[in-house]
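Each remark here refers to the structure printed beneath this line.
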Amino acid sequence: MTKNIPHRLYLTEDQMPKQWYNLRADMKEQHDPMLNPATGKPAELEDLYPVFCKELARQELDNETRYFDIPEEVQDIYKIYRPSPLCRAYNLEKALDTPAKIYYKFEGNNTSGSHKLNSAVAQAYYAKEQGLKGLTTETGAGQWGTALSEACSYFNIPLEVYMVKVSFNQKPFRKNIMETFGAQVFASPSERTEAGRKILAEDPQNSGSLGCAISEAVERAVTSDGYRYVLGSVLNQVLLHQSIIGLEAHQAMELLDEYPDLVIGCAGGGSNLGGLIAPFMRDKLTGKADPRIIAVEPASCPSFTRGVYKYDFCDTGKITPMAKMYTLGCTFKPSANHAGGLRYHGMSPILSKLYHDKYMEAVAVEQTKVFEAATLFAKYETILPAPESAHAIRSAIDEALKCKESGEEKTILFGLTGTGYFDMVAYASFNEGTMSDHIPTDEELQPSIDAIPVIPGIQE
Ligand SMILES: *Cc1c(COP(=O)(O)O)cnc(C)c1O
């Protein structure tokens, strides 16, 4: 009997999850603890208070509470742009002539154009609750800065965004959106901080880096009374908030009487993937089901597939606590031709542990193949995907084509994290045939891996 499955399924407001799910509560083994770099000891709650809001610090270190209530104020703003639809890619399936069923969870239906708003709203809410005076952050491509601007505007919290100068100049409209929501946006390096002034004194033309932008944002937060610095990926608290993606998808599939054989997501710092897979990984860990779970990363920034599992700094500025994760070394820089996003050197400690313990797989894909998939998807499904999301599309298409070969009717679910309207320079270079691929050699990867810090008694 063929089921009548709609192109798009939206849960009703009543069906929307009212709790986030903490995957750590069901993991057989926990990831190694975050370390305070000054002492080499596991970070305690008090160590985190100068950096994070109290409630977020608590979420960061809690690996026992299975479900966290989503505060009502957060649910209220979720309801403005959620639930996000679970879509069936009928046209793409037909174009690929595959027996596979392809589903995707679309997170691009908000102004930030990505899933990042799910955590930005939570982080801004807890900052407001604690009576903080303002927040600072950095942004590279601009999605995180935009999402946090939206959230801070909603809760009426001042926000300073330090945006990598090269990106600030290349994507001027990103700045305009953030300013529309009331954020102050500064090209980094700026004259507003010691860190920025020092770099500009040595090199007035410096075009900035994520490391420098983080240093500026952190410096402003610790030197401004009542300010905190916030991060949009990698951290356990961010994966917790992003579990809303997976919980909605899991519930929608249940309503359709479907279950994925494969769950696929792109991996930058791991927040969307960690959120999407959370309830499916729960089923796997508790023996209820056994879906394959695949992380997709760029061949030019291959943290999972070619990185090492070690303690490293989460930022290029070496200010944050150290996390045990798959990393290419915090000084790693993807090659200049890399346009496809997901350029973070490390990976969520939760996902790193699950990958290390073989609960999930990872593949690396080249950017021209990613844009080929993005273009095909746009033509058949009408959504112009973010290059980051298109990594997951690439892998979903590859798996659907394998089903065509084998005749297997697998059910595939992938995360479509966002839209690509600000990535037109990259699309243009793909369309003009000038986009190239770069797979770093082992020799190219080695220096930043060698530069991963030694921690006496813990790692050589
Ligand atoms: C930031 C971003 C990503 C990657 O970040 P994760 O933390 O790995 O999820 C993926 N897709 C889009 C659209 C993004 O903005």
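Values in this text are rule-based calculations from the coordinates and carry no lab data. Every value quoted in this text rests on a predicted model; they were computed, and no experiment measured them. Note: ideal-geometry Cβ built from the backbone for every residue, glycine included; neighbour counts use all protein chains shown.
Here is how the numbers come out for the structure above:
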quantity: Sparsely packed GluC sites (Glu not before Pro) within the range 1-98, loop by DSSP, other Cβ within 10 Å at most 16; calculated: GLU13, GLU29, GLU44, GLU64
quantity: Gain on full stretching of the segment that runs from ALA201 to ASP225 - 0.36 nm per residue minus C-alpha separation; calculated: 5.9 nm
quantity: ALA362 long-range amide H proximity, modeled H, under 5 Å; calculated: ALA295
quantity: Signed unit charges on C-beta, dipole axis of the range 267-358, positive-most listed residue ALA323, ASN337, SER271; calculated: ALA323
quantity: Prolate/oblate/rounded label for the chain (Cα gyration tensor, a/c 1.5); calculated: rounded
quantity: Karplus-derived 3J(HN,Hα), 6.51/-1.76/1.60, for each residue of the range 304-319, Hz, glycine and proline x; calculated: 5, 7, 10, x, 10, 9, 8, 6, 8, 6, 7, 10, 5, x, 6, 9
quantity: Nearest 10 degrees, 0 to 90: helix 72-81 Cα axis against the chain principal axis; calculated: 60 degrees
quantity: Loop GluC sites (Glu not before Pro), the range 372-424 (other Cβ atoms within 10 Å of the site Cβ: 16 or fewer; DSSP); calculated: GLU408, GLU409
quantity: Given charges at beta-carbon only (K, R positive; D, E negative), |dipole| of the chain in Debye; calculated: 420 debye
quantity: Net lengthening on full extension, GLU64/GLN30 (0.36 nm per residue, minus Cα-Cα); calculated: 11.2 nm
quantity: Cα gyration tensor shape for the range 96-242, rounded if a/c is under 1.5, else prolate or oblate; calculated: oblate
quantity: For peptides 336-347, 280-291, 222-233, sequence by mean Cβ density within 10 Å, most packed first; calculated: 336-347, 222-233, 280-291
quantity: Pairwise label distance in nanometres, ARG292 with SER436, each label 7 Å out on the Cα-Cβ vector; calculated: 3.3 nm
quantity: Chymotrypsin sites (Phe, Trp or Tyr not before Pro) restricted to the range 391-460 and DSSP loop, no more than 15 other C-beta within 10 Å; calculated: TYR421
quantity: Backbone HN-Hα couplings from phi across the range 424-431 [Karplus 6.51/-1.76/1.60, Hz, Gly and Pro as x]; calculated: 5, 5, 5, 4, 4, 5, 5, 5
quantity: Total formal charge among the other residues, if their Cβ is under 12 angstrom from that of ARG343, Lys/Arg +1 and Asp/Glu -1; calculated: -1
quantity: J(HN,Hα) series, the range 20-25, from Karplus relation 6.51 cos²θ - 1.76 cosθ + 1.60, nearest Hz, glycine and proline x; calculated: 8, 10, 9, 4, 4, 4
quantity: Distant-in-sequence amide H partners of GLN19 (H built 1.01 Å from N, under 5 Å); calculated: ILE70
quantity: Distance-filtered residues of the range 27-42 - backbone nitrogen under 13 Å, label point 7 angstrom along ILE458 Cα→Cβ; calculated: 32-42
quantity: For SER188, residues with placed amide H under 5 Å, excluding near neighbours; calculated: MET163, VAL164, LYS165
quantity: For the range 337-460: rounded, prolate or oblate by the Cα gyration tensor [a/c cutoff 1.5]; calculated: oblate
quantity: Residue-averaged [θ]222 nm for the chain, counting only DSSP H segments that reach four residues, each worth -39500 (n - 2.57); calculated: -12500 deg cm²/dmol
quantity: Partners for LYS18 among lysines (Cα-Cα distance below 19 Å; same-chain residues under 8 apart left out); calculated: LYS79, LYS105, LYS116
quantity: Length released on extending from LYS358 to GLN15, taking residue separation times 0.36 nm less the Cα-Cα span; calculated: 120.2 nm
